[in-house]
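Heads up: the structure comes next, in structure tokens.
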Amino acid sequence: MSAPARDLVASEWRKVATTRIVWVLTAVAVVYSSVQAGTLVLIAAPGLMEGLAGTVLTDDLLAKPEYITAVLGQAGTASIFVLLLGVIAMTSEFRHMTITSTFLATPMRGRVLVAKMALFAGIGAGVAVVAFAGVLLTTTLALVPFDHAPITLEAAASVLAGAVVGLALMAILGVSVGSLITNQVAAIVTALVWVMLVEALVTLAFPAVGQWLPGGALNAAMAVALRADMSGGMSAADVLPPWGGILVLLAYAGVFAAIASRTTLRRDIT
Amino acid sequence: MTATTGPTIEVASLTKVFRRSVTAVKDLSFTVSPGRVTGFLGPNGSGKTTTLRCLLGLVRPTDGQALVDGRPYRDLPNPTGMVGAALEASGFHPGRTARNHLRVVAAAAGLPASRADEVLEAVGLTDAGRRRLVEYSLGMRQRLALATALLGDPGALILDEPANGLDPEGIAWLRSYLRARAAAGGTVLVSSHALSEMQQTVDDVVIINKGELVQAGTLSSLSTGERVVLRSPDEARLLPLLLREGSGVEADSRPDGSILVTGLSAAEVGHLAFSGGCELHELSTESDALERIFLDLTRGDA
């Protein structure tokens with residue numbers, strides 16, 4: 001019924017392109033992930049951290065190819081902003097009541113949800129590409145003064161591919177969360193508390209459980225186990241294979257979207 | 001503007017009970033015909049907006065049906081081309097320009113982006129089209145809501161309180177626009193809480209109060225007879241002459257010193273005064289009689 005799916009995605013893109021939030025959060029994501037990568041280079045650099053409490057570096061980390069890969073993997077830290085973008089995309093329709101004209105043009109409400117998810121998969125992938133570019137540039141520059149393992153094309157390509165897939169999935173998840181919790185403030189707070197508090201603590205205490213949570217699944221999807229190992233205490237045994245991570249994230253988004261289309265999205269728009 | 005005949009709108013035994021058992025609409029039935037402007041009238045909170053939202057698939061009826069061209073809105077093959085709706089002036093993203101708002105909706109409806117400029121011109125917003133909506137006044141938002149409704153060049157227009165926030169010039173413009181739309185064969189359903197606002201616009205009226213139908217019919221069918229206002233220094237002699245004419249005749253003194261007569265035409269009153277030798281200082285018909293009837297019909301007894 002009504003317009004073809006291509007037109008719906010085009011409409012969703014115009015919604016995004018004609019407000020500022022996507023550009024702002026993308027810029028923040030690039031800066032944030034680049035700073036993370038730069039910081040990882042500097043704290044591993046010989047000499048720089050000497051004298052700081054607890055920083056006795058026995059290994060020359062920068063000489064390890066897997067450490068360099070982990071530094072590039074910081075592109076994945078853009079995921080929180082991508083998640084928020086997805087959440088905001090759906091909840092701002094309810095906040096500004098544009099959902100009325102949206103549902104008038106597309107009375108089959110599930111189609112709106114699917115179109116948003118499709119577009120935001122693309123936006124997540126796009127943010128991954130620019131965040132990776134920022135991280136690659138920062139890492140290359142930060143490594144200049146030091147001896148280090150080379151940045152291989154293979155490592156760069158696998159991190160980029162992982163980030164593209166992971167952030168696309170994260171954006172879809174964000175849209176599904178926003179459709180389930182349509183109050184914008186509540187949805188954003190829930191997403192942040194979950195990522196920064198609940199999931200971080202659970203992963204620290206029970207790594208075996210953490211791998212099944214969205215953040216753990218994201219790490220698996222991006223196949224950057226080392227990053228998780230350094231920041232969250234996960235051992236390699238507690239990380240799903242990449243395809244497993246992708247499936248877990250898709251399952252979360254699918255379940256949230258299915259619940260939303262039977263509950264919140266069926267509600268009267270008054 | 002197309003000259004094709006608009007769809008018929010039919011509300012059949014519509015009932016809507018919101019959570020906490022608030023009955024907003026109760027067993028409401030009426031039909032809106034193409035080629036006419038139908039006023040959907042009732043006091044604030046009488047269930048007009050709920051009824052319109054049921055018609056547009058935004059609110060799920062508890063019972064009964066609200067149909068456009070015999071189908072629920074969400075089953076229409078091309079909803080935006082069949083029905084254009086302007087529900088309230090608040091459904092805009094403040095950071096977006098009017099033109100971009102229209103382009104968003106145009107895309108979702110499968111319409112070319114150029115329609116945005118065409119409807120901006122139709123409502124006289126061309127010059128303000130590239131301004132962000134946070135700067136828009138209520139009247140401008142009303143015009144933009146109407147422009148949004150016009151995007152698909154629909155056969156039917158459903159407008160919720162479109163005159164709110166419009167200046168007198170805007171109301172006059174809206175009136176002639178809606179009349180032209182109906183004259184071209186379109187279906188026009190327009191809600192208002194004030195009949196006086198709509199009196200010169202509508203052909204038919206549907207009046208509801210507390211969610212229930214009070215009266216539906218042509219505007220002229222509302223009128224129960226002429227109301228005549230007179231002033232006379234010979235009032236004491238004249239009134240018995242008038243009251244003798246029939247049991248349906250009533251005369252009331254009003255605070256301003258005039259007499260309001262119902263049940264007789266102005267010509268009859270004039271004739272009786274003349275033949276009775278009573279001097280008249282004023283003889284006129286009540287111009288806001290319809291508004292009075294409307295208020296009587298919808299007076300709350302709660």
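The values are calculated or read from the model by the stated rules, or taken from the named source; none is laboratory data. Please read all numbers here as calculations on a predicted model, not as lab measurements. Backbone-built Cβ (ideal geometry, glycine too); neighbour counts: all protein chains shown. Note: accessible area is taken over every heavy atom of the protein model, side chains too, but ligands, DNA and RNA are not part of it. Shrake-Rupley method; radii C 1.70, N 1.55, O 1.52, S 1.80 Å.
Numbers at a glance
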quantity	calculated
Residue check, residue B:201 more than 24 Å from residue A:102 (Cβ to Cβ) and open to solvent by less than 20 Å² (accessible area, probe 1.4 Å)	yes
Members of segment B:144-157 found to be buried (at least 19 other Cβ atoms within 10 Å of the Cβ) and of a type outside the set (Val, Ile, Thr), listed by number	B:144, B:145, B:146, B:147, B:149, B:150, B:151, B:152, B:154, B:155, B:156, B:157
Qualifying positions in segment B:161-186 - under 16 Å from residue B:38 (Cβ atoms) and either open to solvent by 20 Å² or more (accessible area, probe 1.4 Å) or in contact with a Leu (Cβ under 7 Å, 6 or more places away or on another chain) (or both)	B:161, B:162, B:163, B:174, B:175, B:177, B:179, B:180, B:181, B:183, B:184, B:186
Identity of the residue in segment A:6-28, facing another protein chain (nearest Cβ under 7 Å) and among the charged types (D, E, K, R), that ends up surrounded by the most Cβ atoms within 10 Å (Cβ to Cβ)	A:15
Among the candidates B:35, B:64, residue that is away from chain A (no Cβ under 14 Å), open to solvent by less than 60 Å² (accessible area, probe 1.4 Å) and in a strand (DSSP E or B)	B:64
Every residue from segment B:204-240 that is in contact with a strand residue (DSSP E or B) (Cβ under 9 Å, 6 or more places away or on another chain), part of a loop (DSSP other than H, G, I, E, B) and either open to solvent by 30 Å² or more (accessible area, probe 1.4 Å) or hydroxyl-bearing (Ser, Thr, Tyr) (or both)	B:210, B:224, B:225, B:226, B:232
Residues of segment B:81-100 satisfying the condition of being touching a His at 6+ places or on another chain (Cβ under 9 Å), closer than 30 Å to residue B:8 by Cβ and crowded, with 21+ Cβ neighbours inside 10 Å	B:91
Selection from segment B:241-257 of residues that are small (Gly, Ala, Ser) and crowded, with 17+ Cβ neighbours inside 10 Å	B:251
Residue count for segment A:244-270, restricted to those that are within 14 Å of another protein chain (Cβ to nearest Cβ), loosely packed, with under 14 Cβ neighbours inside 10 Å and in a helix (DSSP H, G or I)	2
Counted residues, segment B:87-114 - those being hydroxyl-bearing (Ser, Thr, Tyr) and under 27 Å from the mean Cα position of the chain (by Cα)	1
Test for residue B:141: is it in a helix (DSSP H, G or I), within 23 Å of residue B:167 (Cα to Cα) and either open to solvent by less than 60 Å² (accessible area, probe 1.4 Å) or outside the structural domain of residue B:177 (by TED's automatic domain parsing) (or both)	yes
Only one of A:41, A:87, A:82, A:71 that is open to solvent by less than 10 Å² (accessible area, probe 1.4 Å), at pLDDT 95 or above, within 23 Å of residue A:158 (Cβ to Cβ) and within 24 Å of the chain's Cα centre (by Cα)	A:82
Which numbered condition residue A:135 fails, given (1) within 14 Å of chain B (Cβ to nearest Cβ); (2) surrounded by 24 or more Cβ atoms within 10 Å (Cβ to Cβ)	(1)
Segment B:50-61, subset more than 8 Å from chain A (Cβ to nearest Cβ) and either more than 19 Å from residue A:265 (Cβ to Cβ) or in a loop (DSSP other than H, G, I, E, B) (or both), residue most open to solvent (accessible area, probe 1.4 Å)	B:61
Matching residues in segment B:111-132 - criterion: being within 11 Å of another protein chain (Cβ to nearest Cβ) and surrounded by fewer than 20 Cβ atoms within 10 Å (Cβ to Cβ)	B:112, B:113, B:132
Matching residues, segment B:67-87, being more than 7 Å from every other protein chain (Cβ to nearest Cβ), in contact (Cβ under 8 Å) with a residue 24 or more places away in the chain and out of contact with any Asp or Glu (no Cβ under 6 Å at 6 or more places or on another chain)	B:68, B:69, B:70, B:81, B:82, B:83, B:84, B:86
Whichever residue in segment A:188-222 is of a type in the set (S, T, N, Q) and either in contact (Cβ under 8 Å) with a residue 24 or more places away in the chain or open to solvent by less than 50 Å² (accessible area, probe 1.4 Å) (or both) and, among such residues, is farthest from residue A:171 (Cα to Cα)	A:203
Cβ pairs under 7 Å, 6+ apart, first in segment B:262-284 and of a type in the set (S, T, N, Q), second open to solvent by 30 Å² or more (accessible area, probe 1.4 Å)	B:262/B:225; B:262/B:227; B:262/B:250; B:265/B:226
Every residue from segment A:1-45 that is under 18 Å from residue A:96 (Cβ atoms) and touching a helix residue (DSSP H, G or I) at 6+ places or on another chain (Cβ under 7 Å)	A:11, A:12, A:13, A:14, A:15, A:16, A:18, A:21, A:22, A:25
Residue in segment B:21-32 that is open to solvent by less than 40 Å² (accessible area, probe 1.4 Å) and in contact with an Asp or Glu (Cβ under 6 Å, 6 or more places away or on another chain) present	no
